[in-house]
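To start, the structure under review is shown below, and the notes come after it.
Rule-based calculations on the coordinates, nothing more; no lab input. Computed from a predicted structure; not experimentally measured. Note that each Cβ is placed from the backbone with ideal geometry, even for glycine, and that neighbours are counted across all protein chains shown.
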Amino acid sequence: MQDIMQLGGVHFWGTVLIGILAGWLAHKVMGGRGGLIWNLIIGLVGSWIGFFAADKLGVHLGEIFHGWFWGNLVVSAAGAIVLLFLLRIVRGR
């Protein structure tokens, strides 16, 4: 259970904060509106996509950004943007 509640070494509340911010950033970049819960969902799912892609590409933002917040936010927001892009393709918009 402990592993499920972590994201890149961040515990539950850090994950929630980063998820909300990543979802909000993704909506700002891609356009559209989303409330707090929708931003959280997009941010959390996007963070899994972002961390999977970063791992496969060998990207380690911890080497660029010191601390956990900024690297995790960048990866999570990038994943959330990809997720919104894919959702728009599926929806046909």
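Evaluated at 4 °C with a viscosity of 1.567 mPa s, what Stokes-Einstein diffusion coefficient in µm²/s does region 12-91 have when Rh comes from the Kirkwood expression over alpha-carbon pairs? Numbers along the way, then the final one.
Values: Rh = 12.3 Å.
The Stokes-Einstein estimate is 106 µm²/s.
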Q: List 75, 16, 90 from most exposed to least, where exposure is judged by having the fewest other Cβ atoms within 10 Å.
A: 90, 16, 75
Q) Short version: ³J(HN,Hα) in whole Hz for each residue of region 12-29, in order, from phi by Karplus 6.51 cos²θ - 1.76 cosθ + 1.60 (θ = phi - 60°), x for Gly and Pro, what are they? A) 3, 5, x, 5, 4, 4, 5, x, 4, 5, 5, x, 5, 4, 4, 5, 5, 6
Q: Any chance you could run the full-extension gain for residue 70 through residue 86? It's 0.36 nm times the residue separation minus the Cα-Cα distance, nm to one decimal.
A: 3.3 nm
Q) Under 17 Å from the 7 Å Cα→Cβ point of residue 11, by amide nitrogen: which residues of region 65-82? A) 68-69
